[in-house]
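Beneath this line is the structure, given in structure tokens, with notes to follow.
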Amino acid sequence: MKAISRRRSLPLTLGSMAALLAACNSRSVKAAAVKPEKERKNAPEFSLKDSQGRAAKMSDYKGKVVLLNFWATWCGPCKIEIPWFIDFEQRFKDRGFAVLGVSMDEDGWEVVKPYLESKKINYRVVIGNDQTADLYGGVSSLPTTFLVDRLGRIAGVHVGLVSKSVYQDDIEQLLDQKTSRAGEPAGTAPRAVRAG
């Protein structure tokens, strides 16, 4: 991994730990509001394997609101967020919501599978790579979380640790938002043009 790698053979120095925590500190990160529909761009497509060896693609989630979380087992702020995401998956799944975790651990399933089991993670997790991170603008710090609307467009991005209530507000706003196929808010049909 480029900017977010961690090797077991290289212990983190106090300076690098401080830099990592500062990058993800909730006080230094401003939460982004959900973008207006006209400003949303399609979430890049990828195909990555989950813990069962099945391919997971962003297009599999069209029609759902998705919390796409780039994380790692060694990331302190990620450990704080994971219980929130477990809760959101449980509470909102029947409303068309899903969490998809993208682990950026260099050691892959060797470290991720035991972590998933120990934390009782109830949402799908895949192993990401530099190419996946690059698709999403070069994820340079963890956690980085994208909120994707039902049409598969990025509606918001949170870099670093933000509060559970911010996530919940964004998720509920996207779940309550009705969209047409054209991406316009439902109920805003085009005006009829009268022939003169």
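Since every read-out is calculated from the coordinates, none of them should be taken as a lab result. None of the values given here were measured: they were computed from a predicted structure. Neighbour counts run over all protein chains shown; Cβ positions are idealised from the backbone, glycine included.
Overview of values
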{"read-out": "Within straight-line cross-link reach of Lys35, lysines at Cα separation under 21 Å, skipping those fewer than 8 residues along the same chain", "value": "Lys62, Lys64, Lys164, Lys178"}
{"read-out": "Amide H contacts of Ala72 (H built 1.01 Å from N, under 5 Å, at least 5 apart or other chain)", "value": "Met104"}
{"read-out": "Extension reserve of the Asp130-Lys57 stretch, reckoned as 0.36 nm per residue once the Cα distance is removed", "value": "24.6 nm"}
{"read-out": "Amide hydrogen neighbours beyond the local backbone of Ala155, cut-off 5 Å, H modeled", "value": "Leu147, Val148, Asp149"}
{"read-out": "Lysines whose Cα lies under 17 Å from that of Lys120, excluding same-chain neighbours fewer than 8 positions away", "value": "Lys79, Lys93"}
{"read-out": "Rounded, prolate or oblate (a/c below 1.5 giving rounded, otherwise prolate when a/b exceeds b/c) for segment 31-176 by Cα gyration tensor", "value": "rounded"}
{"read-out": "Relative contact order for segment 31-176, counting Cα pairs under 8 Å that sit 6 or more residues apart, in percent", "value": "36"}
{"read-out": "Dipole magnitude of segment 31-176, debye to nearest 20 (Cβ charges: Lys/Arg +1, Asp/Glu -1, about Cα centre)", "value": "400"}
{"read-out": "Only Lys, Arg (+1) and Asp, Glu (-1) charged, at Cβ; segment 97-139 dipole about Cα centre in debye", "value": "360"}
